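Structure first, then comments.
The values are calculated or read from the model by the stated rules, or taken from the named source; none is laboratory data. These figures come from a predicted structure and were not determined experimentally. FYI the Cβ positions are ideal-geometry reconstructions off the backbone, even for glycines, and counts take in every protein chain you see. Side chains are part of the model used for accessible areas, which takes the heavy atoms of the whole protein and leaves out ligands, DNA and RNA. Shrake-Rupley method; radii C 1.70, N 1.55, O 1.52, S 1.80 Å.
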Amino acid sequence: MTAILEARRVAKRFGGVVAVRGVDLTVRQGELLGLFGPNGAGKTTMFNLIAGAFLPDAGQVLLHGRDITREPAWRRARLGIARSFQIVRPFRALTVLENLLAAIPAHGGANDAASALALLRRVGLEARARDAAGDLTLGMLKRLEVARALAVGPRLLLLDEPLAGLAGQEAADLLRTVQALKRRMAIVMVEHNVRLALPVCDRAVVMDAGAVLAEGTPEQIRRDPAVIRAYLGSEAA
Amino acid sequence: MSEATIERAPPRPHLRSDTLGLVIATIALAALGIALPALGASGYIRTLVYYSAFYLALGQAWNIMSGLTGYLSFAHGALSGIGAYGVVIAMNADWPMGASLAVAGGAAVLASLVIGATSLRLRGAAFTFATLFFQELMLLAVRKLPFAGGPGGLVLEQILPEWIAYVGMILLAGVATIGFALIRRSRLGIRVLAIKGDEDAAASIGIAATRLKLILFCVSALLAGLAGAVHALFTASLYPDVAFSVDLSLIALAVPLIGGVATASGPALGALLYVGLREALQLIAPSAHLTILGLLLLVVVLYMRDGIGPTLARLIRRSR
């Protein structure tokens, strides 16, 4: 499969703390890549380095072979990298529909609204289109955030702990939505809930102390002794 | 998403009924204001209407930048002063009035580019401090500039009929109000409110925050500059301490904050309240109006964070 995104020997340091140490990462077209690891492993920093929220101290980030290492977040979004946030960050003063209209590249009034409504329908929020985003429940906000990221028209979707705070059925619904999306784009999902998230991934990368500890299919990750010992424990064994 | 789902979605009206209502109401009120002299309104009433329009234009200019983006400006008094000096200097050099007004607006826009390009990349209080610094710097500079008349100021050498500034200011206030409503309703307005809500989240969906803030600041400065220019035609004389007074910046800020920040009608309510309050206080405490304005602003900020207009609208909705 073609590589959509390549990170080459990417490094990031915050003061005296090395958060990411020369990590290589490839994301391929149409795959759902899980990025796992305990707190402090560097996965969120890596995620932010891809999204453009941070710029790396060393290394390169390539999107379809184009060097985007120094591009700001807003330009990366326009190039096709969209993201969600660990703690939902809707535009609370805007309506649900306006949250999406803010993200959709402008083509023309009625068509953009129609596209936004179609996206809301896909995540089950069409009935709340005219409500203030601040009035939604957490589960709805998570779905709104996915819809908002999709409104950008991404080629690469980055999901930062999409299951955090969701109850069983809500989490399962969201994962189903995510799985359905990968036909059209590549997805990188950072997730703490390994038990729920690992089975739906095509490939997984496990990080530890700013470096890649293991990489492979979910089955390979489950069987990797270092991963089992250090991160997954009996839960995945 | 499938084409079928897009086709089923209802089309979105280009101009929502509330915006259309506001546009019609603004045009009707502006027409009434312009017709007042013909209807026999006294000079006193005309002056009150004029100052309400001046503060509305200035407040709406502030609202377009600071109301929508959340970046507080203390420079709108100075931007208005630049417009005032621009038009008087140009007209005294025998430029036609239209070209002089263009110079006034252009000079204010140029100033906004200088302030914005240096401070709008930064977040937090950087912009606010830059505007405050600019406000004071302009006052000190204009006092020293010989072509601006130094501390003695300038006098407009042409004698213009009073109606020009009167009608001009009402039209400007109307254009600023309708302009705000259309911007708020547009994709630009939605994106700017997204920046106000969460700049990182806005960047994550491709919004170029610095560029949009700068565009809005230029539009805002153009309106403030034109308001100052038209006001200079009204007063016909300029003194640096008055034209660049920080009081004007405070009024520009207070009018939308009191009436209803980031709304199109809020500054109109704020301007009427301010002018009414100032006139009422003329009788009992002539120099206390800014103090009272400050207290009113404090009460509004503490207890009605969106301003009086939206708070009243919410109370009325609840009581139904």
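Here are a few things to note about the model shown:
- Exactly one residue among A:Ala73, A:Ala82 is among the small types (Gly, Ala, Ser), without any contact (Cβ under 8 Å) to a residue 24 or more places away in the chain, surrounded by 23 or more Cβ atoms within 10 Å (Cβ to Cβ) and within 9 Å of another protein chain (Cβ to nearest Cβ), and that residue is A:Ala73.
- Single residue of the range B:172-187 satisfying the filter (within 14 Å of another protein chain (Cβ to nearest Cβ) and not hydrophobic (A, V, I, L, M, F, W, C)) that is surrounded by the most Cβ atoms within 10 Å (Cβ to Cβ): B:Arg184
- Cross-chain or 6+ apart pairs with Cβ under 6 Å, the range B:91-102 first and over 13 Å from B:Val230 (Cα atoms), then surrounded by 11 or more Cβ atoms within 10 Å (Cβ to Cβ): B:Asn92/B:Glu157
- Qualifying residue in the range A:68-85 (condition: over 21 Å from A:Arg203 (Cα atoms), part of a strand (DSSP E or B) and modelled with pLDDT of 95 or more): no
- In the range A:117-130, the residues that are surrounded by 19 or more Cβ atoms within 10 Å (Cβ to Cβ) and either at the interface with another protein chain (Cβ under 7 Å from one of its Cβ atoms) or within 20 Å of the chain's Cα centre (by Cα) (or both): A:Leu117, A:Ala118, A:Leu119, A:Leu120, A:Arg122, A:Val123
- Listed by position, the helices (runs of 4 or more DSSP H) inside the range B:137-245 whose residues that are within 30 Å of B:Leu36 (Cα to Cα) number at least 2 are B:162-185, B:209-235, B:240-243.
Residues checked against (1) at pLDDT below 90; (2) out of contact with any Ser or Thr (no Cβ under 7 Å at 6 or more places or on another chain); (3) open to solvent by 50 Å² or more (accessible area, probe 1.4 Å):
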| residue | (1), (2), (3) |
| --- | --- |
| B:Ala99 | no, yes, no |
| B:Ala102 | no, yes, yes |
| B:Gly105 | no, yes, no |
| B:Ala111 | no, yes, no |
| B:Val114 | no, yes, yes |
| B:Ser119 | yes, yes, no |
| B:Thr131 | no, no, no |
| B:Phe134 | no, yes, no |
| B:Leu137 | no, yes, yes |
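- Filter pass, B:Glu162 being within 30 Å of A:Leu156 (Cα to Cα) and charged (D, E, K, R): no
- Some residue of the range B:57-78 being at pLDDT 95 or above, within 21 Å of B:Leu172 (Cα to Cα), over 17 Å from the mean Cα position of the chain (by Cα) and more than 14 Å from chain A (Cβ to nearest Cβ): no
- Qualifying residue in the range A:149-160 (condition: open to solvent by less than 20 Å² (accessible area, probe 1.4 Å) and farther than 22 Å from A:Gly80 by Cα): no
- Taken over the range B:44-70, the criterion of being out of contact with any Gly (no Cβ under 9 Å at 6 or more places or on another chain), closer than 21 Å to B:Cys218 by Cβ and surrounded by fewer than 24 Cβ atoms within 10 Å (Cβ to Cβ) is satisfied by B:Thr69 alone.
- Scanning the range A:46-55 for residues that are over 13 Å from A:Met189 (Cα atoms) and crowded, with 24+ Cβ neighbours inside 10 Å returns a single hit, A:Leu49.
- Candidates B:Pro240, B:Pro256, B:Pro267, filtered to the one that is within 27 Å of B:Glu136 (Cα to Cα), touching a Lys or Arg at 6+ places or on another chain (Cβ under 8 Å) and crowded, with 24+ Cβ neighbours inside 10 Å: B:Pro240
- Per-region count, the range B:295-320, residues in contact (Cβ under 8 Å) with a residue 40 or more places away in the chain and among the small types (Gly, Ala, Ser): 2
- So B:Leu156, is it in contact with a helix residue (DSSP H, G or I) (Cβ under 8 Å, 6 or more places away or on another chain) and either more than 22 Å from B:Ser220 (Cα to Cα) or among the small types (Gly, Ala, Ser) (or both): yes
- Enumeration of residues in the range B:188-232 that are of a type in the set (S, T, N, Q) and either surrounded by fewer than 21 Cβ atoms within 10 Å (Cβ to Cβ) or farther than 23 Å from A:Arg78 by Cβ (or both): B:Thr210, B:Ser220
- Once the range A:1-43 is narrowed to residues that are open to solvent by 10 Å² or more (accessible area, probe 1.4 Å) and of a type in the set (Val, Ile, Thr), the residue that is farthest from the chain's Cα centre (by Cα) is A:Val17.
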